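Student: Have a look at this one.
Every number here is computed from the coordinates shown, using simple stated rules; none is lab data. Since the structure is predicted, the reported quantities are computational estimates derived from the model, not experimental observations. Cβ placement follows ideal geometry from the backbone for every residue including glycine, while neighbour counts extend to all protein chains displayed.
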Amino acid sequence: MTDPLLSRWRADTPGCTERVHLNNAGAALPPAVVRDAVVSHIAREAEIGGYEAADESAERIQETYDAVAALIGAQPRNIAVVENATVAVSQALQAFDFHPGDVIVTSRADYVSNQLMYLSLARRLGVRVRRAVDLPEGGVDPESIRALLAAGSCRLVTLSWIPTNSGLVQAAAAVGAACRAAGVPYLIDACQAVGQVPVDVEALGCDYLAGTARKWMRGPRGVGFLYVSDAALARGDHPLFVDMQGAVWTGADEFRLFDGARRFENWEFSHALVLGLGAAARYAADVGAAGMVRARALATRLRDRLSAIPGVLPMDRGAERGAIVTVSTPQEDPAELKERLRARRINTSVSDRDDAVIDMDEKRVTSVLRFSPHYYNTEDELETAALALEEELRGG
Ligand SMILES: Cc1ncc(COP(=O)(O)O)c(C=O)c1O
């Protein structure tokens with residue numbers, strides 16, 4: 001290996017010496033700086049007390065907001081730190097007083113937990129869920145979003161930019177332009193996007209953007225964030241169940257919201273994980289576009305390589321494809337293959353039908369094997385994984 005950047009990234013990543021980690025869409029291997037930020041704070045809490053350690057680290061906690069904001073083209077006041085992307089989406093949805101007949105416009109590829117939340121709103125409040133049609137090559141058609149917006153009653157457009165179960169990258173900015181033109185709020189689930197593709201909330205034209213630390217950002221598990229635009233804050237948006245982190249209880253029957261996105265947070269959070277999120281955001285900024293370009297190039301290479309293996313069917317669609325590679329293996333259960341590859345120290349993952357009912361039914365598969373290389377993976381690792389899959393399909 002001669003590329004000095006790649007050598008540095010790998011030297012920074014203790015886990016990559018032990019295994020071939022191709023499950024970055026699940027949770028990436030964190031760099032040592034992230035691990036150290038988390039572990040040292042936990043140690044400090046044990047040493048001096050949790051509240052005391054929080055006071056001591058107040059400045060570094062603030063730096064997490066600075067780093068996350070910088071990564072997505074926002075200001076620190078626009079960032080709320082929450083447990084994960086699902087909580088971020090749910091906090092954003094709580095900002096809307098939906099009434100029966102209100103429409104939520106979304107895509108056919110939106111994430112399972114988000115779809116469940118829309119359906120729950122439909123069941124409980126009579127909200128109508130309208131899904132835009134896809135382009136022939138896959139992925140949401142922004143013209144279909146425009147048509148649904150023109151039909152009226154739409155309170156919110158919400159889009160999973162990059163779905164969990166395929167290499168599809170949806171046209172998030174084009175959807176944002178349609179929302180802006182119609183004056184309808186726009187929520188982006190960027191869980192698989194932050195760290196994989198450049199994110200600029202102004203260019204996307206979104207009111208809300210949800211992210212998680214553990215995937216392409218290479219942060220710890222159990223922490224994520226919600227971006228809330230100045231426009232949404234100025235509207236007075238806040239979650240239904242605001243807590244004392246988000247508002248001051250000013251009188252028996254009154255409360256006053258805090259100015260920034262912290263009104264979407266809960267008071268209690270893991271300071272260790274927040275520090276880990278900050279370290280990850282700084283590391284991701286340092287790696288920059290070179291990492292994203294490399295991850296995608298590795299995925300393209302792997303997609304081509306796997307497609308040439310007998311018994312492997314490529315499943316990714318869309319004009320634009322990212323760093324997630326999915327294949328179906330009709331003769332073998334992908335869950336079995338995942339286990340057998342893990343026994344060889346190769347980490348992959350599986351998406352099942354109920355992770356993405358619409359897409360998987362359309363593809364007529366119940367399960368796919370998912371490979372998600374990141375920039376710290378090597379070309380040799382891809383070949384190792386492809387050869388191992390070939391062998392397993394031939395019967396080990
Ligand atoms: C597209 C997408 N959205 C949202 C989520 C949920 O993220 P979290 O588990 O951090 O809530 C995932 C997780 O895999 C995802 O792939």
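Student: Dividing the Cα radius of gyration by the Kirkwood radius, what Rg/Rh value follows for region 119-248?
Tutor: 0.97
Student: Once you put a point 7 Å from the Cα of Ala43 and another 7 Å from the Cα of Glu383, both along the Cβ direction, what distance in nm separates them?
Tutor: 4.0 nm
Student: Based on DSSP, what percent of beta bridges with both residues in the chain are antiparallel, to the nearest 5?
Tutor: If we restrict to bridges inside the chain, about 55 percent are antiparallel.
Student: Pop out the ³J(HN,Hα) list for region 119-128 in order, Karplus 6.51 cos²θ - 1.76 cosθ + 1.60 with θ = phi - 60°, rounded to Hz; leave Gly and Pro as x.
Tutor: Those phi angles translate into 5, 5, 5, 5, 5, 7, 10, x, 5, 9 Hz.
Student: Summing Lys, Arg as +1 and Asp, Glu as -1, what charge do residues with Cβ under 11 Å from the Cβ of Ala88 carry, Ala88 excluded?
Tutor: Every neighbour counted, the sum reads -3.
Student: Given charges of +1 on the Cβ of Lys and Arg and -1 on the Cβ of Asp and Glu, with all other atoms neutral, how large is the dipole of region 104-175 about its Cα centre, in debye to the nearest 20?
Tutor: Using only the charged Cβ atoms, the result is roughly 460 debye.
Student: Could you list which residues have their amide H under 5 Å from that of Gln192, counting only those 5 or more apart in sequence or on another chain, with H placed in the peptide plane?
Tutor: For Gln192, the qualifying residues are Ile162.
Student: Restricting to Cα atoms and excluding each atom paired with itself, what does the Kirkwood estimate give for region 121-192 in Å?
Tutor: Numbers: mean 1/r = 0.0780 Å⁻¹.
Evaluated over region 121-192, this radius sits at 12.8 Å.
Student: Could you work out how far apart the two model spin labels at Trp249 and Asp66 are, taking each label as a point 7 Å from the Cα in the direction of the beta carbon, and quote it in nm?
Tutor: So the two model labels end up 3.4 nm from each other.
Student: While we're on this one: Return P(r) of region 11-66 (all Cα-Cα pairs; 10 Å bins starting at 0; whole %; ordered from short to long distances).
Tutor: Cα pair-distance distribution for region 11-66, in percent: 20, 38, 28, 14.
Student: Just how many % of Cα pairs in the chain lie over 41 Å apart, if you round to the nearest whole percent?
Tutor: 14 percent
Student: If you build a Gaussian network model of the chain, linking Cα atoms that sit under 10 Å apart, which residue out of Pro142, Pro14, Pro310 swings the most?
Tutor: Sorting by GNM fluctuation, first place goes to Pro310.
Student: Here is a follow-up. How large is ³J(HN,Hα) for each residue in region 180-186, as worked out from phi by the Karplus curve 6.51 cos²θ - 1.76 cosθ + 1.60 (θ = phi - 60°), to whole Hz, x for Gly and Pro?
Tutor: Per-residue couplings from phi come out as 4, 4, 8, x, 10, x, 9 Hz.
Student: Next up: With +1 on the Cβ of every Lys and Arg and -1 on the Cβ of every Asp and Glu, and nothing else charged, how large is the dipole of region 190-234 about its Cα centre, in debye rounded to the nearest 20?
Tutor: Value, rounded to 20: 460 debye.
Student: For region 236-308, what is the largest minus smallest coordinate of the Cα atoms on each principal axis, given in angstrom and ordered from greatest to least?
Tutor: 68, 25, 20
Student: With a cap of 10 neighbouring Cβ atoms within 10 Å, and only residues DSSP puts in a loop, list the GluC sites (Glu not before Pro) found in region 195-275.
Tutor: Answer in residue order: Glu268.
Student: Just the C-alpha atoms of region 305-396: what Rg/Rh do they give, with Rh taken as the Kirkwood radius?
Tutor: 0.94
Student: Please name which of Gly260, Ala290, Phe371 has its Cα lying farthest along the dipole of region 241-388 towards the positive end, using unit charges on Cβ (Lys, Arg +1; Asp, Glu -1) and the Cα centre as origin.
Tutor: Ala290
Student: Next question, about the same structure. Please state, rounded to one decimal and in Å, the Kirkwood hydrodynamic radius that region 168-310 gives when every pair of distinct Cα atoms enters the mean of 1/r.
Tutor: 17.5 Å
Student: Restrict the search to region 1-47; then list the GluC sites (Glu not before Pro) that DSSP places in a loop and that have at most 13 other Cβ atoms within 10 Å of their Cβ. Before the final figure, lay out each step's value.
Tutor: Working: sites: Glu18, Glu45, Glu47; in loops: Glu18.
Counting only loop positions with at most 13 other Cβ atoms within 10 Å, the GluC sites (Glu not before Pro) in region 1-47 are Glu18.
Student: Let me ask another. List every residue whose amide H lies under 5 Å from the amide H of Arg131, counting only residues 5 or more places away in sequence or on a different chain, with H placed 1.01 Å from N in the peptide plane.
Tutor: Thr106
Student: Let me ask something additional. So if a site counts as exposed when it's one of the chymotrypsin sites (Phe, Trp or Tyr not before Pro), its DSSP state isn't H, G, I, E or B, and it has at most 14 other Cβ atoms within 10 Å, what's the longest stretch of the chain without one?
Tutor: With a cap of 14 other Cβ atoms within 10 Å, the longest stretch comes to 1-240.
Student: Apply the a/c threshold of 1.5 to the C-alpha gyration tensor of region 23-166 and tell me whether it is rounded, prolate or oblate.
Tutor: prolate
Student: Can you compute the FRET efficiency between Arg344 and Ala297 using 1/(1 + (r/R0)^6), with r the Cβ-Cβ distance and R0 = 30 Å? Round to the nearest 0.05.
Tutor: E between Arg344 and Ala297, to the nearest 0.05, is 0.80.
Student: Give the distance, in whole Å, between the Cα centre of region 214-275 and the Cα centre of region 63-125.
Tutor: After rounding, the separation between the Cα centres reads 12 Å.
Student: Can you run phi through the Karplus equation (6.51, -1.76, 1.60; θ = phi - 60°) for region 317-331 and list ³J(HN,Hα) in whole Hz, with x for Gly and Pro?
Tutor: 10, x, 5, 10, 10, x, 9, 9, 10, 10, 9, 9, 10, x, 8
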